[in-house]
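The values are calculated or read from the model by the stated rules, or taken from the named source; none is laboratory data. Bear in mind that the values here come from a model prediction, so they are computed numbers and not experimental data. All Cβ positions, glycine included, derive from the backbone under ideal geometry; neighbour counts span all protein chains shown. The area values use the complete protein model at the heavy-atom level, side chains included, leaving out ligands, DNA and RNA. Shrake-Rupley method; radii C 1.70, N 1.55, O 1.52, S 1.80 Å.
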Amino acid sequence: MIMNEKLLTLIANTIRGLSMDAIDKANSGHPGLPLGCAEIFTYLYAHELRYNINDPNWINRDRFVLSAGHGSMGLYSSLHLAGFDVSLDDLKNFRQLHSKTAGHPEYGEMEGVETTTGPLGQGISSAVGMALGLKILKEKFKSNDTGSMFDSNVFVLAGDGCIMEGVSAEASSFAGHLNLDNMILIYDSNDICLDGPTSECISEDVKQRYEAYGWFVQTINGHSFQLIQSAVEKAKAASRPSLIIAKTTIGKGSPSYEGTSEVHGKPLGNEEVIKVKSNLGIPETPEFYVPSEVKFFFEAHELKQKKHYLSWQESFFNWRAKNLDQADLFDAYASPVNKDDLYHYIKELEIVQNKATRSQSSQCLQQLAQKVPNLIGGSADLSCSDNTFLNNYSSISSSDFSGRNIKYGVREFAMASIASGMVLTKMFRPYVGTFLIFSDYMRNAIRLSALMNIPVMYQFTHDSIFLGEDGPTHQPIEQLASLRAMPNLNVCRPADETEVKASWYLAMTSSQPTAVVLSRQNIKSLESSNYEQAIKGGYVLKEIEAADVTIFATGSECALALDVSDRLSKDGISARVVSLLSWEVFHKQDAEYQKRIIGTSQLKVSIEAATSFGWERFVGSNGVSIAVDTFGLSAKGEDLKRYFGFETHSIAVKIKSSLAVTTANQ
């Protein structure tokens, strides 16, 4: 297609004008990237990307991810011009309370925003997950006569910060390993970061680094439409992921700040905006000016996009008619699970008793994979230990995307971001696995999944000091409390196989991310554990009317709590026991249910082999928390139980002493 460069330049300058006006009106924002990357935004939205503004979630659309999310006004201006549901009023409300034009792009707040970005590098990583998911779809849903129905690409615009962040290195290495040829990363290489010239903090050869990852790399002038087009065409023809290093000038057009760090992260000010507009031939007034030629272009472009969209829909309809089995499988991928059906299916699973909950979880996963075709799993080089490998399926490789196991390697952070990207294709239910202690590596990616409210599933094993000899570097203490503190994340720590099944039911049916936290050591199966009640997040394992004590516990400590209750009864002290599988799910129950489960005992006790932080909400300021508020030690699990006081006798003594004090003070 021959490009009208004069018109494209007008579009680019319109993006610059809209971005400057919005940032100046808000007196907040980052003008450097929108000014410097306007040609890139223009080429993508006016020429390259396939999308349909009337069906923004079309499965075969190209995805665009602005990894350098601080440059959000460049994206918002482009989406407005392209005809997405982003009005001029939305641009005028940039960074204001409840505006869809947030400081950084937020998934679910605006059509055309494919993922939440802001923490640098994660846009690249999530985009790798999208590319992987789309690559799997391309290979799975194809036939000899029609080929594949899925041939979209994932484009990313990233800055120096994204390239420097370690998560992008992990994800880029992974993408190169799998030859994800539907991934095109455009690097806005302007030699400036927020604190000054990049020469002050990075001197590596990014081109050579990405070539070492196995990527196809080109370097171009990022302000030339012809060079951008040529580079993108070569990238699409490559048999591996592509990096386009686009040399740009940050703040292009600003006579006072162009090419400096001053323009990176603060408004230009009205006086400078007027100068830039004069330089670029943009009228000083009105603000938020869109030339009629630009409007007419995108109206025509919308018709062109619609024509392609309808042609694809016709081909897709014909493909479905000729490939009925694949069409049914596609529908299964695209549809949410049937909650009632899954409830009964999981309830009836036969799971071995008295084993580590990681082993019991593995048995659940093996059988869930037969029931849910788009369940796909991966681990950070620990599938042999966290038991996440699906035994009846192969692993994905660069030459075969038919498997359902993903070998992420030791890349926990990227793994979590990639899983989010796969969820965002709306076609997969991915889970990822590692040790609970390494959730710290993943935390920012978990946080973004929670912020987006997307159902990524995390399986964390080796859940306490009782993992033993690996010692305090591997023994989680504060991680449960840390995860529980995160909004929108459900955390499940099951006591036995029954609660493991309940945990996976909750994870598979939730619209939010879920962390299932499991033991390395064998546990004791409980006669009183209950699947129906466990899915409420908390329930009574042992009920006693007018009990003196209520003991709350999770995971392997539930069996210990029951033993403590039995021991106390010998001394005439009645103790009921409550399992709190998931605090978050429990707090979603009605107030009357919560009140009944918590009870009215004069003393409340928690038992959990982790920090006591947070348990005061259940035991109160005068309660007792049997916990670990120091780091662990390297020793056998049984020795650690004795040392940290997780034994029936010592806990019973503490409870009796505290109950005596409580009674005396009443």
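Over the chain, what is the mean sequence separation of C-alpha contacts under 8 Å (at least six apart), divided by residue count, expressed as relative contact order in percent?
On the way: 1392 pairs, mean separation 73.6, N = 666.
With pairs under 8 Å counted, the relative contact order is 11 percent.
List residues of segment 409-449, by number, whose backbone nitrogen lies under 16 Å from a label position 7 Å along Cα→C-beta of R209.
Backbone N within reach: 414.
Tell me the per residue accessible area of segment 330-465 using a 1.4 Å probe; a whole number in Å² is fine. Write down the numbers at each step before the final one.
On the way: 4820 Å² over 136 residues.
In whole numbers, segment 330-465 has 35 Å² accessible per residue.
So, by mean Cβ neighbours within 10 angstrom, what's the order for 440-448, 149-157 with the highest one leading?
Output ranking for 440-448, 149-157: 149-157, 440-448.
Output the relative contact order of segment 477-572, whole-number percent, from Cα pairs under 8 angstrom with separation of 6+ residues.
Details: 95 pairs, mean separation 27.9, N = 96.
So the answer I get is 29 percent.
Of W615, H649, N665, which is farthest on the positive side of the dipole of segment 601-666, counting Cα position, with +1 on Lys and Arg Cβ, -1 on Asp and Glu Cβ, and the Cα centre as origin?
The residue sitting farthest along the positive end of the dipole is N665.
Within the accessible area of segment 190-305, what % is carbon and sulfur when the probe is 1.4 Å and the other protein chains stay in place?
Values: 2870 of 5930 Å².
With neighbouring chains kept in place, the figure for segment 190-305 is 48 percent.
Restricting to the chain, compute how many DSSP beta bridges are antiparallel as a %, nearest 5. Intermediate values should be presented prior to the final figure.
Values: 9 of 64 bridges.
Taking every DSSP beta bridge with both residues in the chain, the antiparallel ones total about 15 percent.
Cut-off under 17 Å on the C-alpha distance; same-chain residues fewer than 8 positions from K524 excluded. Which lysines are left, in chain and number order?
Partners within reach: K355, K501, K542, K641.
Between A238 and Q370, how high is the FRET efficiency from 1/(1 + (r/R0)^6) when r is the Cβ-Cβ distance and R₀ = 41 Å? Nearest 0.05. Provide the component values of the computation, followed by the final result.
Working: r = 37 Å, r/R0 = 0.91.
Efficiency at R0 = 41 Å is approximately 0.65.
Can you compute the modelled spin-label distance between E314 and N54, with each label point 7 Å from Cα toward Cβ, in nm?
Reported label-point gap for E314 and N54 is 1.5 nm.
Among (i) 31.7; (ii) 44.0; (iii) 42.5, find the value of mean projected area of the Cα convex hull in nm² that was calculated from the structure presented, and write down its label.
(i)
Give the shape of segment 1-129 as rounded, prolate or oblate, defined through the alpha-carbon gyration tensor: a ≥ b ≥ c are the square roots of its eigenvalues, a/c under 1.5 means rounded, and otherwise the shape is prolate if a/b is larger than b/c and oblate if not.
Numbers: a/c = 1.40, a/b = 1.06, b/c = 1.32.
Verdict is rounded for segment 1-129.
Taking the Cα centre of segment 610-666 as origin, work out the dipole magnitude from +1 charges on Lys and Arg Cβ and -1 charges on Asp and Glu Cβ, in debye rounded to 20.
100 debye
Only Lys, Arg, Asp and Glu count, each charged at its Cβ (+1, +1, -1, -1), so figure out the dipole size of segment 467-512 about its Cα centre, rounded to 20 debye. Can you show the working numbers first?
On the way: 3 positive and 6 negative charges, 58 e Å.
My answer is approximately 280 debye.
Straight-line reach only, C-alpha to C-alpha below 26 angstrom: list the lysines that K6 could link to, leaving out same-chain residues fewer than 8 apart.
Reachable lysines: K234, K236, K247, K252, K275, K277, K295, K304, K306, K307.
Residue by residue, what Karplus-based ³J(HN,Hα) values in Hz, rounded to whole numbers, does segment 646-653 have, using 6.51, -1.76 and 1.60 with θ = phi - 60° and x for Gly and Pro?
Whole-Hz 3J(HN,Hα) from phi for segment 646-653: 9, 10, 3, 4, 5, 5, 4, 4.
Along the charge dipole of segment 114-233, which of M149, S224, G214 sits closest to the positive end, that is, farthest toward it, with unit charges on the beta carbon of Lys, Arg, Asp and Glu (+1, +1, -1, -1)?
M149
What is segment 519-622 by shape, rounded, prolate or oblate, if you read a ≥ b ≥ c off the alpha carbon gyration tensor as root eigenvalues and call it rounded for a/c under 1.5, prolate for a/b larger than b/c, and oblate otherwise?
On the way: a/c = 1.28, a/b = 1.05, b/c = 1.22.
Rounded shape, in that the Cα axes give a/c under 1.5.
How about K636: which aspartates and glutamates have a C-alpha closer than 13 Å to its C-alpha, ignoring those fewer than 8 places off in the same chain?
The reachable aspartates and glutamates, counting only those whose Cα sits under 13 Å from K636, are E469, D470.
Post the alpha-carbon centroid distance, segment 75-137 to segment 522-564, in whole angstrom.
So the separation of the two Cα centres works out to 45 Å.
If you place +1 on the Cβ of every Lys and Arg and -1 on the Cβ of every Asp and Glu, how big does the dipole about the Cα centre of the chain come out, in debye to the nearest 20?
Roughly 740 debye for the chain.
Can you tell me the relative contact order of segment 264-381? Whole percent, Cα pairs under 8 Å, sequence separation 6 or more. Intermediate values should be presented prior to the final figure.
Details: 27 pairs, mean separation 16.5, N = 118.
The value is 14 percent.
What does the highest-first list of 349-355, 86-92, 130-136, 425-431 look like by mean Cβ count within 10 Å?
On the way: 349-355: 14.3, 86-92: 17.0, 130-136: 26.1, 425-431: 21.4.
Packing order, densest peptide first, comes out as 130-136, 425-431, 86-92, 349-355.
Find which of Q313, T260, A450 sits farthest along the positive direction of the dipole of the chain, computed with +1 on the beta-carbon of Lys and Arg, -1 on that of Asp and Glu, about the Cα centre.
Q313
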